[in-house]
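The values are calculated or read from the model by the stated rules, or taken from the named source; none is laboratory data. Quick caveat, the model's predicted, so the values are computed rather than measured. In this analysis, Cβ positions are derived from the backbone assuming ideal geometry, glycine residues included, and neighbour counts consider all displayed protein chains. We work out accessible area using only protein heavy atoms, side chains counted, and drop any ligands, DNA or RNA first. Shrake-Rupley method; radii C 1.70, N 1.55, O 1.52, S 1.80 Å.
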Amino acid sequence: ITSAVAFNILPLKLHPFSQSTPTGLDCVGWKRCFSSSVIADGALDKTALTDDVGSEEDLYEDFRSSNHRYGHPGGGGEQLAINELISDGSVVYAEALWDHVTMDDQELGFKAGDVIEVMDATNKEWWWGRILDSEGWFPASFVRLRVNQDEPMEDYPLKVEGGKEDDSSSGTRRFGMGQTTKDQMRTNVINEIISTERDYIKHLKDICEGYIKQCRKRADMFTEEQLKTIFGNIEDIYRCQKKFVKALEKKFNKDHPHLSEVGSCFLEYQTEFQIYSEYCNNHPNACMELSRLTKVNKYVYFFEACRLLQKMIDISLDGFLLTPVQKICKYPLQLAELLKYTNPQHRDFKDVEAALNAMKNVARLINERKRRLENIDKIAQWQSSIEDWEGEDVLVRSSELIYSGELTKISHPQAKSQQRMFFLFDHQLVCCKKDLLRRDILYYKSRINMDDMEILDVEDGKDKDFNISVKNAFKLHCQDTEEVHLFCAKKPEQKQRWLKAFENERRQVQLDQETGFSITEVQKKQAMLNASKQHHTGKPKAVTRPYYDFLMRQKHPTLPTTLPQQQVFMLAEPKRKPSNFWQNISRLTPFRK
């Protein structure tokens, strides 16, 4: 099949694309009815997809029309249970994994970490909920049901028969065989952490063996570069998570789960969890590549056959690939709930407290890397607007604009002064000259390698090196070559901002070295290519909707008909600060379109 057909008009049954973290991924209760499509080593036979049933379309129709349900054996049992609880008058709470920003008055907006009362979960994709006095629809995949729906009773006086308060010295409510309510709550959270990790491992295994392995055997359909784009470093994540879940299980007390000490496991693996950064940054590219491929019939049938062969639940590939992004968001929420139900006297308390901060830092680091990668496109666009550029691209060594502004540069031998625009990036300071007539046009003049420089504060008065009087001045001095650059600011506060910026530049370089932050050659080339195309056309790039729109494909007929005007940031905890890149540049140097 060579013709590209839009996915929404394919002659096949469109099943719901639930993008929530799949539940029950360890269930394998499907019947194998297509063994003839598998060759000895588990690869998909290229001819088997067509010879036995005539075509790939016929194969898919055979799967679709069979009496077996290729989905979760429970058939939405968890969703049914939620509605039964609501019908019985119970209050069901969920915690937000993501920001849900909406302009639709029928939708419920919230921030990551908010607690939502679920009032109706009849629809699989969209639930009705309430926060304080606001009610509305919200995407079910954006929340996580709280493990403990009832708050512990330790903080409330206990009533006994006759309405009198219980003066028991224990001060806690007993649950089951001598357990306090708080211990039972902690047991629930521990069990959720262990069970979800096991399910997650099964899910990662299914992706690696069910999809990646089969795709690699179809070199006629996929290149290695495509597979890297679609799946990112999910195989590295799988290897990491296998070790992590083994460490968790060693700390798991099966007889008394509330006594388990799991906090140290998160502390041990906090550095390794940083591999999620690469995956999260690549995920928008994966969604775009999948969207492109699924416009061609044979890829739709191939991916569905992979899912069925691996006996995976009824969720599309892009839904499965979202779960690592959700997983790294979920850890701070789970640990926060675990800490809530851990007594300060518990041996695990300090480790859980430290683990919560550690996983927040991991999320913060991933958000920061996401912001830095977003900035490289802006840096590439900035460079493309500079006339007479010479030498290597800025992105070869830099990925962050630290500061920019106008300074007077004084040069040897005649102490000649020149007004120049300077842009301080990590590792380098770029010097540009404004056009005499068109002040919005900049010409490249030179650059200074900041790795070789030390910053010297110069007092007002006569400078002995240049033999001139200076004010608001500082120097850049290279110890190896004895090269000296003298700069003067117009005001003392501007000088202090520059000195602070140089400190920040060195701090940023050191942090990048410690965390191993880097930009791949592919990302650099793509950013420069995009900037070059935009520069040649003379038109700004069209702003595309956030890639999370694919979460919103399915809507119930009774729900709002318009798509939600939402923007979801990559990670839920904590929210990253907005970049001041454009403010730094546009405030000082309007860009030429």
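Out of ALA286, ALA305, one residue alone is over 25 Å from the mean Cα position of the chain (by Cα) and buried (at least 20 other Cβ atoms within 10 Å of the Cβ). It is ALA305. Restricted to segment 86-108, and to residues that are in a strand (DSSP E or B) and open to solvent by less than 40 Å² (accessible area, probe 1.4 Å), which residue is modelled with the lowest pLDDT? Within segment 86-108, the match that is modelled with the lowest pLDDT is HIS100. Where strands (runs of 3 or more DSSP E) fall entirely within segment 378-477, those with at least 1 residues that are within 19 Å of MET528 (Cα to Cα) are at 401-411, 416-425, 428-434, 442-449. Evaluating LEU322 against the criteria (1) under 24 Å from GLY232 (Cβ atoms); (2) at pLDDT 90 or above; (3) open to solvent by less than 10 Å² (accessible area, probe 1.4 Å) leaves one unmet condition, (2). Within segment 244-273, residues that are part of a loop (DSSP other than H, G, I, E, B) sit with their Cβ atoms under 7 Å from residues that are among the small types (Gly, Ala, Ser), at 6+ positions apart or across chains, in these pairs: PHE252/SER260; ASN253/SER260; GLN270/ALA358. Comparison of GLU514, GLU505, GLU482 shows that the only residue that is over 18 Å from SER385 (Cβ atoms), part of a loop (DSSP other than H, G, I, E, B) and at pLDDT 50 or above is GLU482. For segment 524-544, the count of residues that are at pLDDT 80 or above and assigned to a loop (DSSP other than H, G, I, E, B) is zero.
The set of residues from segment 479-510 being exposed (fewer than 15 other Cβ atoms within 10 Å of the Cβ) and in contact with a helix residue (DSSP H, G or I) (Cβ under 9 Å, 6 or more places away or on another chain) comprises GLN479, ASP480, THR481, GLU483. So, in segment 140-154, exactly how many residues are of a type outside the set (A, V, I, L, M), open to solvent by less than 20 Å² (accessible area, probe 1.4 Å) and modelled with pLDDT of 75 or more? Result for segment 140-154: 3.
Per the conditions (1) modelled with pLDDT of 85 or more; (2) open to solvent by 70 Å² or more (accessible area, probe 1.4 Å), the sole criterion not satisfied by TRP137 is (2).
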